[in-house]
Each structure stands twice: as structure tokens, then as C-alpha cells.
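Participant: One structure, pasted below without further comment.
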Amino acid sequence: MKKLALHWQILLGMILGLIFGFLMTQISWGVGFVTDWIKPIGTIFIKLLKLIAIPLILASLIKGISDLKDISKFRNIGLRTIVIYVGTTIMAITIGLLLVNVMQPGDGVSEETIAKITATYADDSDVQSKIVEAGKQKESGPLQFLEDMVPDNAFNAMGDNSLMLQVIFFAIFLGISMLLIGEKRAKPLKNLFDSLNDVVLKMVDLIMLIAPVAVFALLANVVVSSGDPDLLLALLKYTGTVVIGLLLMIVFYLLIVGSYTKKNPFWFLKEISPAQLLAFSTSSSAATLPVTMERVEEHIGVDKEVSSFVLPVGATINMDGTSLYQAVAAVFISQALAFDLTFADQLTIVLTALLASIGSAAVPGAGMVMLVIVLESIGFPADRFPIALALIFAVDRPLDMCRTVVNVTGDATVSMIVAKSVGKLGKPRVEDWDEHYDEVK
Ligand code: ASP
């Protein structure tokens, strides 16, 4: 019998996880059972993906750069990447702002709902911790992000997943220096990283063996830990606005894939789908990165010289879904809490949401922290932050799952565009037994 393709297996795992989670909420011991016995499988899976993220960035970026033979090529790729990333993010924010102004989701929220939401979430420790975290981010100066990008200790940087940009910096620095000392002298080091790269990609394959079961666990846990269904319903118009915006972004990506790279957009969607499904299940672009890289390189045909730079950088700084969400959320909150926004305020949102998406960490819930900074930029009163965040807290997790899909799809799309523009979009080269895991002995 032909084995079910990976994306179908993952999708099946997700659907069963949702059903199982729902059934468990109907049984008195169900929630405890999922938390104690099911959730750990999902957590282990995410840990495994994160475990290989740093070695993968290091190995693939060093391999990618040292394969270039010429530094000017790297400058070319780097510049295009950053410009296109900024362009797609501005597009996302614009779509979000247009939609939220047309649909006016905040006008439909009654006083009663606001009171109920405030009573439920305003003092929640999660809401409070996001405000505290945002306060820390805000205190930094305008060039802080550049300062933060440069590590003072390479091994410390590699020891902390949140310091991915530092690892990228170190890998680029090392790769360029390897180019400069010439092929012959760099050869031993290059062989080492080439081999490490192959091994880590194989680790991705092995981890993906448990993906269908892991997403089952992750989604079952999302269902049992989700909030009051009445509140979810009250926020339906807001959720709908964000989701429509995110769908429009996906359509936008498909249009550029079709028109610029001349590839079939549905083929692109199919090949990238395991990464999208994982982004949805884990809510983390960083955890999804190894799979995104594998799919983009092997199944779409983007050369490593491009993907090894574009994707890790994208996972950390390019978050189109997150910035769209921040724009919608900021205006929704202002509408619901009767805080008037001028046109200049909306322009401020474009700028701060762009910077916030660069500053957001690629982990669950990060977008909400940076939302506080967006709110602050439009002069939203700080004493009302708890109410503002409480308002959108109940639906943050499902929206986080959706926006992470867009974040990952955006990175994959841009890697294709950049590859095409520098003549590095080739034929897919799926490793022999990539999806024939029976051969893994
Ligand atoms: N979870 C998102 C990501 O990892 C970030 C966010 O929007 O919270 O891409």
C-alpha cells in the first residue's frame, strides 16, 4: 500500500488531536490526563526541533557562504533579502489596517463583554508578564538591536536559542573569513561543516518521524487549555478580521510565486505544507525552521547559498503574519475602548509594527509583547494596557498559530524570489528516502 504523504499524516494527526482534545474536555479527568500524559510528547518534539536549530543555522550558513566563492554575491543576496522582507511586511501591515478600518470589529464589542473579559484576564499573570517584558524591550535605544546582534562570546550565543541573530552574525563572519583565506586553507573546516550540515538535515528527517503523533499531542493540548467559548464567540469579528487578512497574505505570496518565479503556486503550497502545518501546531517559526529549510532546499529547489541566509534571518526578523496581527489588534483595541485614532496614528502603527515584527522573538506569544510597544507609540494610556491585552488574550493562541503559518510561508516565498533573482532556483532534489522512513533502521 502506498504510504500517506507526510503532510496528510500531519493533517490527520492534527484533526484527531482536535477531536481527542474536545472529547477530553467532556470528561472530568480529561484535562488532567492530556496535561500529564499527552502534552509532554508535543513538548519533546518542539524541544528536538529547537535542539537542532542552532547547529543547523551554523552548519548551513557557513556551508552556504563558503560555497559562494565570491563575497559580492553574498552582499547581493543580503541586500535583496532585507529589501524584500521590509516590502512584504509593509504589505502585510497595510492589508491589516485596511481590513480593520473597513470591518470595524471593535465596534461590535459590548460593554458587558469588555467587563467580563477584563474581570477574567486583566490580572492574569500571563497578561502582566507580557506588559513587563514589553517595558524591558522599550527601554532600549534605537541602535540597540545592532548592539544585540553582535555576540561577545560565540559559545554563549550558541547556548541560547533566543540569541539566534548572534549565531547568524558569527556564522556569516566565519564563512566570509573562510572565503578570504582561500579554498585550500579553508578546506578542512569546510569539510567539517559540510558534513555537519548533512547530518543535521538527516536529524530533521528522524525528528519528523514523530511529527504526526506530536501534532496530535500539541493540538489536543491547545483544545483543553483554550478559554471560555462564549468569549471566543464575542471576539469572532476580530478573529475573522485577522484570519481574512492572513489568508489575503497567503494569496499575495501565491501570486508572486506564480508571476515572478513562474512555478505553479499550488505546487509550492503542497511542497511547503509540512512546514506550515508544523508552524500552526507549534506556534513557533524558530521551532519550524529546520523543517522550513529542508522543504525549501530539497523539495522546492532553492540553492543552499540563498536559503541558508534568507530563512534563519527571516525566522527572526520577518514576521508578516505577526505585523498584520499587530496592526489589526491595535486598531481593534482602540475601537473597542473608544480611543480615537488619527490618520497619523495609523501611519505610526505601520512604522512601529514593522519594527516590532523585526524585534519579535520567533516563539509563541511574542507578537503580543510587541503589541504593547505598538500601542504605546500611538499614545494609548499605559494604565489601560492590562484591559487592552485582556481584550485579545482569549483568542491569542489560535491567532498565534495562524500568524506563524504566514510568517513561515512569507520566509519561504522570499527565499524563492531571492533565489530566482540571482539564478539560484533549481530543480528539487528530494533525498532518496526522505519520506520512506521504514528504511530508518
Ligand atoms: N509565534 C510567532 C512566531 O514564532 C510570533 C508571534 O506572532 O507571536 O512566528
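The values are calculated or read from the model by the stated rules, or taken from the named source; none is laboratory data. Because the structure is predicted, anything quoted here is derived from the model rather than measured. In this analysis, Cβ positions are derived from the backbone assuming ideal geometry, glycine residues included, and neighbour counts consider all displayed protein chains.
Participant: Pairs needed: first member in region 179-207, under 23 Å from Arg295 (Cα atoms); second member anywhere, β-branched (Val, Ile, Thr); C-beta distance under 7 Å; at least 6 residues apart or different chains.
Facilitator: Phe193/Ile62; Val200/Ile52; Met203/Ile52; Val204/Ile52; Val204/Val291; Leu206/Val440
Participant: Could you check how many residues of region 353-375 are more than 15 Å from the ligand (Cβ to nearest atom) and at pLDDT below 90?
Facilitator: 0
Participant: Starting from residues that are among the small types (Gly, Ala, Ser) and modelled with pLDDT of 80 or more, keep the ones in region 138-166 and report whichever is nearest to the chain's Cα centre (by Cα).
Facilitator: Ser162
Participant: Check Leu4 against each of (1) assigned to a helix (DSSP H, G or I); (2) over 19 Å from the mean Cα position of the chain (by Cα) and name the one condition it does not meet.
Facilitator: The number of the failed condition is (1).
Participant: Hey, does region 128-137 have a residue that's farther than 25 Å from Leu371 by Cα, polar (S, T, N, Q) and either at pLDDT 90 or above or exposed (fewer than 15 other Cβ atoms within 10 Å of the Cβ) (or both)?
Facilitator: Within region 128-137, not a single residue is farther than 25 Å from Leu371 by Cα, polar (S, T, N, Q) and either at pLDDT 90 or above or exposed (fewer than 15 other Cβ atoms within 10 Å of the Cβ) (or both).
Participant: OK, next. Are there any pairs with C-beta distances below 7 angstrom linking a residue in region 320-343 that is surrounded by fewer than 24 Cβ atoms within 10 Å (Cβ to Cβ) to a residue that is of a type in the set (Ser, Thr, Tyr) and part of a helix (DSSP H, G or I), with the two at least 6 apart or on different chains, and if so which?
Facilitator: Filtered contacts from region 320-343: Leu341/Ser334.
Participant: From Ala315, Ala336, grab the single residue that is of a type in the set (Gly, Ala, Ser), modelled with pLDDT under 95 and within 16 Å of the ligand (Cβ to nearest atom).
Facilitator: Within the list Ala315, Ala336, the selection yields Ala315.
Participant: Moving on to the next point. Would you be able to say whether some residue in region 382-402 is more than 22 Å from the chain's Cα centre (by Cα) and either modelled with pLDDT of 95 or more or within 16 Å of the ligand (Cβ to nearest atom) (or both)?
Facilitator: Within region 382-402 (the criterion being more than 22 Å from the chain's Cα centre (by Cα) and either modelled with pLDDT of 95 or more or within 16 Å of the ligand (Cβ to nearest atom) (or both)), the answer is no, since none of the residues qualifies.
Participant: Restricting to helices (runs of 4 or more DSSP H) lying wholly in region 10-129: which have 2 or more residues that are of a type in the set (A, V, I, L, M) and touching a residue at least 40 places away in the same chain (Cβ under 8 Å)?
Facilitator: 39-66, 71-103, 111-121
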